[in-house]
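Chemist: Mind having a look at this structure? Questions to follow.
The values are calculated or read from the model by the stated rules, or taken from the named source; none is laboratory data. Values in this document were obtained by computation on a predicted structure and should not be read as measured data. For neighbour counting, all protein chains shown are included, and Cβ atoms are generated from backbone atoms with ideal geometry for every residue, glycine included. Heavy atoms of the whole protein, side chains included, go into the accessibility calculation; ligands, DNA and RNA do not. Shrake-Rupley method; radii C 1.70, N 1.55, O 1.52, S 1.80 Å.
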Amino acid sequence: MSEKKSKKPSWIDVRISIGSFDRPQLMNIVKDLYQLSESNKTFLHARCFVGDDSLKQYKKIIFHSLYPDVMDEKNEFDFDRADKAIRDYAKATGDDEGSADLMVYYVECGNKFTLDYGDINEFFYDDLIEMYGKVIEKVRNMSKKNQESFRKRLEKIMKSSEGIGWGYHDDLCHFYYESFP
């Protein structure tokens with residue numbers, strides 16, 4: 001006798017189910033999701049353009065992920081959480097400039113942590129270099145007018161990284177000068 005495999009629910013199943021809901025039912029679901037977690041609140045604020053500055057909440061997540069409180073032993077770098085904040089913002093808003101702002105901020109936070117507390121490790125710098133390369137590519141695809149403020153911030157990171165080990169400074173210089181000769 002063979003057992004029937006149960007199908008794992010998917011977005012399609014949910015979409016079919018909510019397709020029969022009326023507006024008040026949908027509003028209740030959104031309200032429940034909103035109340036369920038801070039990340040849902042932050043996402044919905046950004047998606048609905050509610051609040052003063054949706055970037056501010058995502059920057060807060062990135063800051064705490066890449067510039068943890070060194071006095072608290074439980075705090076560690078959380079690159080995945082910082083990456084997720086950038087992806088969530090992009091998904092919520094579709095705002096390429098805002099996403100680029102968060103990406104630069106990501107590198108600024110990691111770079112500042114090193115400048116304030118000293119050399120970290122190869123994994124840390126590899127992650128920052130990878131994000132630096134991604135944001136440079138995003139900035140290069142912007143209009144020249146929109147590139148300027150990002151280029152200044154990227155240059156400032158690169159110049160401030162002089163003396164940091166693991167090839168970090170050299171890689172930032174390579175990316176910057178190759179992209180903005």
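Chemist: Here is the link list: Lys41/Lys144; Lys59/Lys159; Lys56/Lys145; Lys31/Lys134; Lys74/Lys152. Which ones come out longer than 25 Å on Cα distance?
Modeler: As for pairs spanning more than 25 Å Cα to Cα, those are Lys41/Lys144; Lys31/Lys134; Lys74/Lys152.
Chemist: Quick one: helix 144-160 against the long Cα principal axis of the chain, what's the angle to the nearest 10°, folded into 0 to 90?
Modeler: 60 degrees
Chemist: Please give, to one decimal in nm, the separation of the simple spin-label points placed at Arg47 and Asp13, each 7 Å out from Cα toward the Cβ.
Modeler: Each label point lies 7 Å from its Cα, and together they span 2.1 nm.
Chemist: Give me the one-decimal nm value for the distance between modelled label points at Asp126 and Lys145, 7 Å along each residue's Cα-to-Cβ direction.
Modeler: Between Asp126 and Lys145, the label points sit 4.2 nm apart.
Chemist: Now a separate question. What does the charge add up to near Glu162, with Lys and Arg as +1, Asp and Glu as -1, over the other residues with Cβ less than 15 Å from its Cβ?
Modeler: Details: positive: Lys112, Lys156, Lys159; negative: Asp119, Glu155, Asp170, Asp171.
In short, -1.
Chemist: Can you tell me the FRET efficiency between Glu155 and Asp119 if r is taken as the Cβ-Cβ distance and R0 is 22 Å, rounded to the nearest 0.05? Display every interim value, and only then the final one.
Modeler: Working: r = 22 Å, r/R0 = 1.00.
Once the sixth-power term is evaluated, E becomes 0.50.
Chemist: I'd like the orientation of helix 122-140 relative to the chain: the angle between its Cα long axis and the longest Cα principal axis, in ° from 0 to 90, rounded to 10.
Modeler: 80 degrees
Chemist: Sorted from largest down, what three extents in whole angstroms do the Cα atoms of the range 49-149 have along their principal axes?
Modeler: Principal axes ranked by extent give 40, 29, 19 Å for the Cα atoms.
Chemist: If each of Leu26 and Asp69 carries a label point 7 Å out from its Cα toward its Cβ, how far apart are those two points in nm?
Modeler: Between Leu26 and Asp69, the label points sit 4.2 nm apart.
Chemist: Could you estimate the translational diffusion coefficient of the range 133-181 from the Stokes-Einstein equation, with Rh from the Kirkwood formula over C-alpha pairs, at 4 °C and 1.567 mPa s, in whole µm²/s?
Modeler: Numbers: Rh = 11.0 Å.
In µm²/s, the coefficient rounds to 117.
Chemist: Hey, another quick one. Nearest 500 deg cm²/dmol is fine: what mean residue ellipticity at 222 nm does the chain get from its DSSP H runs of n ≥ 4 alone, each adding -39,500 (n - 2.57), divided by its residue count?
Modeler: Values: 9 runs with 130 residues, N = 181.
Value at 222 nm, helices only: -23500 deg cm²/dmol.
Chemist: Next question. With every protein chain present, what is the per residue accessible area of the chain (1.4 Å probe, Å²)? Don't jump to the answer; show the numbers that get you there.
Modeler: Values: 12210 Å² over 181 residues.
So the chain comes to 67 Å² accessible per residue, rounded to a whole number.
Chemist: Between the DSSP loop rule and a limit of at most 15 other Cβ atoms within 10 Å, which GluC sites (Glu not before Pro) in the range 1-84 are left?
Modeler: Working: sites: Glu3, Glu38, Glu73, Glu76; in loops: Glu3, Glu73, Glu76.
Answer by residue number: Glu3, Glu73, Glu76.
Chemist: Something else now. Write down the Å³ per residue value for the convex hull defined by the alpha carbon atoms of the range 34-102.
Modeler: Details: hull volume 6.5 nm³, N = 69.
With only Cα atoms used, the range 34-102 gives 95 Å³ per residue.
Chemist: Order of 81-92, 14-25 by packing, highest average Cβ count within 10 Å first? Mind dumping the intermediate values first?
Modeler: Working: 81-92: 18.9, 14-25: 9.2.
Result, highest mean Cβ count within 10 Å first: 81-92, 14-25.
Chemist: Right, another one. Looking at the P(r) of the chain, how many percent of alpha-carbon pairs lie beyond 26 Å?
Modeler: Result for the distance tail: 44 percent.
Chemist: Right, another one. On the accessible surface of the range 97-181, probed at 1.4 Å, how many percent belong to carbon and sulfur atoms? Spell out each step's value before the answer.
Modeler: Details: 2130 of 4370 Å².
Of the solvent-accessible surface of the range 97-181, carbon and sulfur hold 49 percent.
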